[in-house]
Every structure is written in C-alpha cells, then in structure tokens.
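Working notes, beginning with the structure itself.
The values are calculated or read from the model by the stated rules, or taken from the named source; none is laboratory data. Quick caveat, the model's predicted, so the values are computed rather than measured. Virtual Cβ from ideal backbone geometry, glycine too; neighbours counted across all protein chains shown. To get the accessible areas, we keep the full protein, side chains included, count just its heavy atoms, and leave off ligands, DNA and RNA. Shrake-Rupley method; radii C 1.70, N 1.55, O 1.52, S 1.80 Å.
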Amino acid sequence: MTPDKPPLPQLFKGIALFTPGGDLIYCIDPTKQGRWHLHLCATLQEILDLPEPPHFLVPCYTATIDHWLDPRTQHIQTFAEAYPAVMRHQAVLNAIFGTGELGWQSAPWQEGLCDRLVLATYRSTFPQLWEDHDLVMRLDLPTPSYYQSVTSAQQPQSKTKGYVLRLFVAGHSATTERILQNLHELLEKYLGNPYTLKVIDVLTNPEQAESNQVSATPTLVKVWPHPIRRIVGDLDNVEKILQMLAGQENW
C-alpha cells in the first residue's frame, strides 16, 4: 500500500527499515544529519508492541538513499542501495522516495551480522515482525518529541501514516464476527492510512487484557498514534469510533 506523503525535498537522505513480514517504517532527512536507525527501531517497538527495539534488523533489512548535489556539474545525483533481504521491495522504495523506476544497488550481505540462521532465532521473541500488517509509516522527526508533536491538538491528522488497533473479545461468537465485519467495513471506508487490527480473546489471553487495562468486552483500543484511546461496548457508533481515531475524545 502506498501512503499519501508530503512533497519530497530536492536534496535528502532517506532510510527504510523493513520487517521480515514486509512492514515498512522510513524517514526522509533533508538536513542529512539525523541518525535514524535507533528511532526507527524504537517506533517499531511501540507500534507493534515488541518487548524491546528490534536492533537486529539493522542493517540486514534496511535500504538507504542519498540525493546529493554534484559540486562539479551542479546536477543532482542519486545513490541508492538495499540489502539483499529487501531488494524485492524496490517498487515500494521507489514509491516512498519518489525515484520512479530506479534500480537499487545491492548492499553487501554481512555474514557475521546478517546470518539468516541467527536472524531466524529472533522469530519466537518477535513474532509480530514476521507477520504482515500492511504497515507503511513515515517518521518525520528524529527526537522523542515526535510522539507528542504528531498527536497534539494543533497537528493535522495527516501526519499519521499508520494505525494500530486492538479489539478485545470474549470468545469467537456470531456477535464477534458481526463486530469484526462492521469494524472492517468502517475502517476501509473512512481510514485513509494503513492500519493493523489485532483481535485478542480475553478468555485465552487474560494477561493481555490485564496489561491493556481491559475489564469488559468488546473493547476497541487505539494503541497508535498516541494518545491511547478506547471504546467499551458500543462499537456500532460510527461517529464515536471516528472521534476516537482522531484523538478527539477520551472514552
């Protein structure tokens, strides 16, 4: 899924961090000063509810691009390379970085750092990374203030490039199926950005209900973007759900 994105600067550095499942978080830095790897990992931890930042993805699942001005010719040059594990995503990379049909160079695979068997050992601890949440997200500021800035009342909602939602239910009944169908139709109709909807059965996962402070079902929780919002019970109220997604109310 290609996200709506603001215009790109002429000169910038960009980095894209993929998960083994194909989710993507990326940044565009016109100052060419930011160290983005840690921020991308920290944001992945937040939106996918990981136990810790997935630093092992770097550099094995990264792609980098540099639009720079050649001082001799005064022409803009492009250097773009991706690690072998993400070379199959060149079309997505060209879409987010506005590079047309550019062919990306393959970065050297670092056997000591990017051993496939070693990376596979992380799968049991980080199972979310091997799932495809259809998530494409642009991170705009390399500082912790990002979390506040994108969710303050003064900021437009278009800053958000991904939603993470959790639906807590008690068993898989006909009522649960109806709620899921209605919620899916609502999100597809009104939500302009990628989203992840994770269904959690509190009967089989009581610890997750406790950690998310869920005491009744059904409960819909917006985990990302901050602030966290929730609706308990009334999931047929379209206006109420849209207000929650916009962060306008605290339910």
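General remarks:
- In a DSSP loop and with at most 11 other Cβ atoms within 10 Å, the GluC sites (Glu not before Pro) in segment 71-134 are Glu101, Glu111.
- Loop trypsin sites (Lys or Arg not before Pro), segment 59-133, which have at most 12 other Cβ atoms in a 10 Å radius of their Cβ (DSSP): Arg72, Arg123
- Under 5 Å, built H, 5+ apart or other chain: amide partners of Val164: Thr196, Val223, Trp224
- Spacing of the modelled spin labels on Ser124 and His55, each 7 Å from Cα toward Cβ, amounts to 2.3 nm.
- Solvent accessible area, Å² - Glu239, 1.4 Å probe, full protein context: 120
- FRET efficiency for Glu101 and Asp140, using Cβ-Cβ distance with R0 set to 22 Å, rounded to 0.05: 0.25
- Put a dot 7 Å past the Cα of Asp70, heading toward its Cβ, do the same for Arg116, and the two dots end up 3.7 nm apart.
- For a straight C-alpha distance cut-off of 14 angstrom, the aspartates and glutamates reachable from Lys240 (same-chain residues fewer than eight places away being disregarded) are Glu249.
- Sparse-neighbourhood loop sites, trypsin sites (Lys or Arg not before Pro) in segment 8-67 - DSSP loop, at most 15 other Cβ within 10 angstrom: Lys32, Arg35
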